[in-house]
Amino acid sequence: MSEVQIFEGAMDKGLEGIVACSTGVSSIQGNTLSYRGYTIEDLAANSTFEEVTFLLWNNRLPSAAELEKFQKSLAAEYALHPDFIKSLKTIPSKDVHAMQWLRTAFSLSSHWDKDANDNSNEANARKAIKMVAKMGTIICAFEAIRNGKEPVAPKADKSIAWNFMYMLKGQEPKSDLVKIFDTCLILHADHELNCSAFATRVTTSSLSDMYSAVTSAISALKGPLHGGANEQVMIMLKKIGTIEKAQEFVKDALAAKEKVMGIGHRVYKNGDPRAAILRKISDKLTAQIGEHKWYEMSILIDDTMNKEKGLMPNVDFYSATVYYSMGIPVDIYTPIFAVSRIAGWIAHADEQYANNRIYRPRGKWVGKTDQTWKPLSQR
Ligand SMILES: CC(C)(COP(=O)(O)OP(=O)(O)OC[C@H]1O[C@@H](n2cnc3c(N)ncnc32)[C@H](O)[C@@H]1OP(=O)(O)O)[C@@H](O)C(=O)NCCC(=O)NCCS
């Protein structure tokens, strides 16, 4: 049998510009992001996270009856098994990163699912509902447990966005904030072949199970170059502290060849459409809490980065001050990304299972050759 041809010309660090698979889940054309052909602006203005999840999984919008049924099936899976909650309490949570805890907790959740290792379409459909329904409940359990409190039980007649805000704080959220939070979930639900979606597909391609694929995705999302950037943006803004210091901070960072978090993107070169929507929300919410300075600092950083490097903000930049204005703890920002992006991860896993071939690229050898083993006495 002849050897497989190697296309070295296609090799690039970070696979920039490489098409690694065909996908019908979401697309980026210029600076337009669409899920299943619907623009993000259209969905953010008119849809709900549950409807968008249905869209991502079914390649069409639901009818009213289908949406109601879908919401009910999600609501029936919000709650965590009491034994799982007991186990969650045993995962160390002090001085542990929220994403580190989530990675363990999510993986552990599979132990309460008899479908965990069943890759049939029927079992995957059941798992998909459970995973999306429980992600927010798991994260809010973390917030309760680390503060020595009992996790708040979800309410079956409410949405994922409502429940997240309710379980996180233990009090019923204001409806305008729930709407904004739901918009944030819509904006983060999928993003073509981003790092965590690719991780999902790589794990799925070995015909591993969906829990393993999503655990890989959570691990990829954690990094500061991907989902972890939103947390880093707020840490940076707090470090800068005042509007007067913002420009100087950026110039110093660039001079030191450091990254300014929440800025830049591999694909968008003329702006991330999600950032444009979040920027307006950040303006409004920071003013509402009487801390508009965070928005003003962000604007200065945004402008300076554009002037100095021609780089623009990504989704993580303004989402940081939006979550801050909602009183959400800073280390929960990246887990929120997971509450939403799990919808996209599952759509990618489904697509991969349906048309699978294992991901197995080649590495260009740059190491030593012709080495001969020597006994210890001769080294
Ligand atoms: C998003 C990101 C990972 C894309 O990475 P990439 O496509 O590999 O781009 P590179 O890191 O190669 O950057 C290209 C150039 O822009 C610069 N650059 C990119 N993002 C930058 C940032 N946030 N701050 C400062 N410089 C940045 C790089 O230093 C590099 O400059 P050079 O050509 O002078 O060396 C990158 O822009 C980044 O690290 N941003 C900050 C983290 C972040 O917000 N991540 C969330 C992504 S949604």
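List of remarks:
- For Leu225, no residue has an amide H sitting under 5 Å from its own, ignoring neighbours fewer than 5 places away on the same chain, with H placed 1.01 Å from N.
- The Cα center of the range 350-365 and the Cα center of the range 123-188 differ in position by 33 Å.
- Cross-link reach list, lysines versus Lys114, counting only Cα pairs under 25 Å and skipping chain neighbours closer than eight places: Lys69, Lys72, Lys86, Lys89, Lys127, Lys130, Lys134, Lys155
- Here the calculated FRET efficiency for Val19 and Lys114, from their Cβ-Cβ distance with R0 = 35 Å, stands at 0.40, rounded to the nearest 0.05.
- Taking all pairs of distinct alpha-carbon atoms in the chain, Kirkwood radius in angstrom: 22.0 Å
- Only Cα pairs under 8 Å and 6+ residues apart enter the sum, and on that basis the relative contact order of the chain stands at 21 percent.
- Computed Kirkwood radius, in angstrom, where 1/r is averaged over Cα pairs of the range 159-250: 16.0 Å
- Take the Cα of Lys280, go 7 Å toward its beta carbon, and the backbone nitrogen atoms of the range 317-331 under 18 Å from that spot belong to 317-323.
- Net +/- balance of residues flanking Asn59 in space, Cβ distance below 14 Å, scoring K and R +1, D and E -1: -3
- Eigenvalues of the alpha-carbon gyration tensor of the range 229-325, scaled by 5 and square-rooted, set the equivalent ellipsoid semi-axes at 19, 16, 11 angstrom, largest first.
- Computed FRET value (nearest 0.05) for Ala354 with Thr39, which takes r as the C-beta separation and R₀ as 25 Å: 0.50
- Measuring gaps between exposed loop sites in the chain (chymotrypsin sites (Phe, Trp or Tyr not before Pro); DSSP loop; at most 14 other Cβ atoms within 10 Å), the longest gap, sites not included, is 8-364.
- Remark: the range 283-379 projects, on average over all directions, an area of 14.2 nm² (convex hull of Cα atoms).
- Computing FRET efficiency as 1/(1 + (r/R0)^6) for Asn121 and Thr372, where r is the C-beta to C-beta distance and R0 is 41 Å, gives about 0.20.
Bear in mind that the values in this text are calculations on the coordinates, not laboratory data. Predicted model only: the values in this text are computed from it and were never measured. Note that we place each Cβ from the backbone using ideal geometry, even for glycine, and neighbour counts take in every protein chain shown.
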